[in-house]
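So the structure is just underneath, and the comments pick up after that.
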Amino acid sequence: MSDATPLSRLLDALGSAVVGQPRVLADLVTAFLARGHVLLEGVPGVAKTLTARSMAGALGLSFSRVQFTPDLMPADILGTNVFQPQEQTFRLMKGPVFTEVLVADEINRTPPKTQAALLEAMEERQVTIDGVTHALPPHFFVVATQNPLELEGTYPLPEAQLDRFLMRVRVGYPDGDAETSLLRAFHQREGRPPAVSRVLDAATLTELQDRAARVACDDSILQYVVQLVRDTRAHPRVRLGASPRAAQALLAASKAHAALRGTDFVTPDDVKAVTPSVLNHRLLLKAEAEVEGVTADDVLKQMLERVRVPR
């Protein structure tokens, strides 16, 4: 596909700023192509916010960051109507959600009421304030972050909120060579943050997303996706498996991954590549599985090995 060149440029630009996280960057671009949102999960200091900021810079999109705290209110994100005494009317003071790339830092540190304020924005790409609906930009993209280790004083995202994220991407530490390269680049920049130049224009972004949606998919792939999702519901360690909406998300991400590879058709390997990040936050495990240390990723690995791959 002709899309391989601009997408390669995009990955190269991101990789120059975010060192040692190629899988994370690939998942982030895949989610954007599929018009989904991403939850980045990792400990502090692994470049979660830098990744989102670099993505916005490379795409040439506007960027806002919100630090989620226990006292954050929905109006702090969405905005509010403020009375203008000179004009004797109300004027909408837009909140940070009116952007293209929104980083919701530590989203699990704010109460459910504020978390839920993002639901309509993420699903419908619009917000309603005082009964009036306001459209968000067509490339609206939420990248939320959370620390999986610090749970004191947090509000775990409910299943309905988690389901709005196309992917939950786990961000780990880079390997030794990558961390050395990261430190070398930091030294050469004299401590300044990395700068990412715009590599794609708005028209190209829309074309890439449209073409990803049109990637061909054989009926055997559709059946494979359905079987994977249905297998999560029958797994003995799972209390609640993936839904039909999860199957749609898995298909959309698989098509976007194929587009990222530069092909115009989905293969089983595309499905396998995105399954962990698309489904790991959509499974609820039984209590005994959690006690035994079994994770959703363990279940998905077993499932991918067990379900027959179409030929």
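The values are calculated or read from the model by the stated rules, or taken from the named source; none is laboratory data. It should be emphasised that the depicted structure is a prediction, and the values quoted were computed from it without experimental measurement. Here the Cβ positions follow ideal geometry from the backbone for every residue, glycine too, while neighbour counts run over all protein chains shown. Ligands, DNA and RNA are stripped out before the accessible areas are found, and what is left, the full protein with its side chains, is counted by its heavy atoms. Shrake-Rupley method; radii C 1.70, N 1.55, O 1.52, S 1.80 Å.
Assorted remarks:
- Residue among Arg239, Arg198, Arg189 that alone is more than 23 Å from Leu10 (Cβ to Cβ) and charged (D, E, K, R): Arg239
- Any hit, the stretch 22-37, residues being under 26 Å from Ala121 (Cβ atoms), at pLDDT below 95, in a loop (DSSP other than H, G, I, E, B) and open to solvent by 20 Å² or more (accessible area, probe 1.4 Å): no
- Sub-7 Å Cβ pairs linking a first residue in the stretch 118-131 that is within 22 Å of Gln67 (Cβ to Cβ) to a second residue that is part of a loop (DSSP other than H, G, I, E, B), at least 6 apart or interchain, are Leu119/Arg164; Ala121/Val97; Ala121/Leu136; Met122/His37; Met122/Arg164; Val127/Val97; Val127/Leu136, ordered by first then second residue.
- Test: residue in the stretch 76-90 that is open to solvent by less than 40 Å² (accessible area, probe 1.4 Å) and modelled with pLDDT under 90: yes
- Any strands (runs of 3 or more DSSP E) falling wholly within the stretch 58-116 and containing at least 1 residues that are touching a residue at least 40 places away in the same chain (Cβ under 8 Å) and over 21 Å from the mean Cα position of the chain (by Cα): 79-84, 89-94
- Counting residues in the stretch 131-144 that are open to solvent by 60 Å² or more (accessible area, probe 1.4 Å), assigned to a loop (DSSP other than H, G, I, E, B) and modelled with pLDDT under 90 gives one or more.
- Failed item, numbered, when Asp210 is tested on (1) under 20 Å from the mean Cα position of the chain (by Cα); (2) in contact (Cβ under 8 Å) with a residue 12 or more places away in the chain; (3) open to solvent by less than 60 Å² (accessible area, probe 1.4 Å): (2)
- Members of the stretch 182-211 that are assigned to a loop (DSSP other than H, G, I, E, B) and not small (Gly, Ala, Ser): Arg189, Glu190, Arg192, Pro193, Pro194, Val196, Arg198, Val199, Leu200, Asp201
- Taken together, Arg192, Arg237, Arg261 contain a single residue that is farther than 22 Å from Ala34 by Cα, surrounded by 14 or more Cβ atoms within 10 Å (Cβ to Cβ) and modelled with pLDDT under 95, which is Arg237.
- Each residue in the stretch 38-51 was checked for being touching an Asp or Glu at 6+ places or on another chain (Cβ under 9 Å) and surrounded by fewer than 21 Cβ atoms within 10 Å (Cβ to Cβ), and 3 of them qualify.
- Considering Val196, Val229, the condition of being in contact with a helix residue (DSSP H, G or I) (Cβ under 6 Å, 6 or more places away or on another chain) and either of a type in the set (S, T, N, Q) or over 24 Å from Val101 (Cβ atoms) (or both) is satisfied by Val229 alone.
- Checked against (1) of a type outside the set (Phe, Trp, Tyr); (2) modelled with pLDDT under 95; (3) under 17 Å from Val29 (Cα atoms); (4) open to solvent by 40 Å² or more (accessible area, probe 1.4 Å), Glu292 passes all but condition (3).
- Candidate set: the stretch 65-90, residues that are out of contact with any strand residue (DSSP E or B) (no Cβ under 7 Å at 6 or more places or on another chain) and β-branched (Val, Ile, Thr); chosen: the one farthest from Leu157 (Cα to Cα): Thr89
- Near pairs, Cβ below 9 angstrom, 6+ apart or cross-chain, from the stretch 22-47 (touching a residue at least 24 places away in the same chain (Cβ under 8 Å) and among the charged types (D, E, K, R)) to any residue that is crowded, with 24+ Cβ neighbours inside 10 Å and in a loop (DSSP other than H, G, I, E, B): Arg35/Leu166
- Search result, residues across the stretch 145-171 that are closer than 18 Å to Val274 by Cβ and either out of contact with any His (no Cβ under 6 Å at 6 or more places or on another chain) or part of a loop (DSSP other than H, G, I, E, B) (or both): Asp163, Arg164, Phe165, Leu166, Met167, Val169, Arg170, Val171
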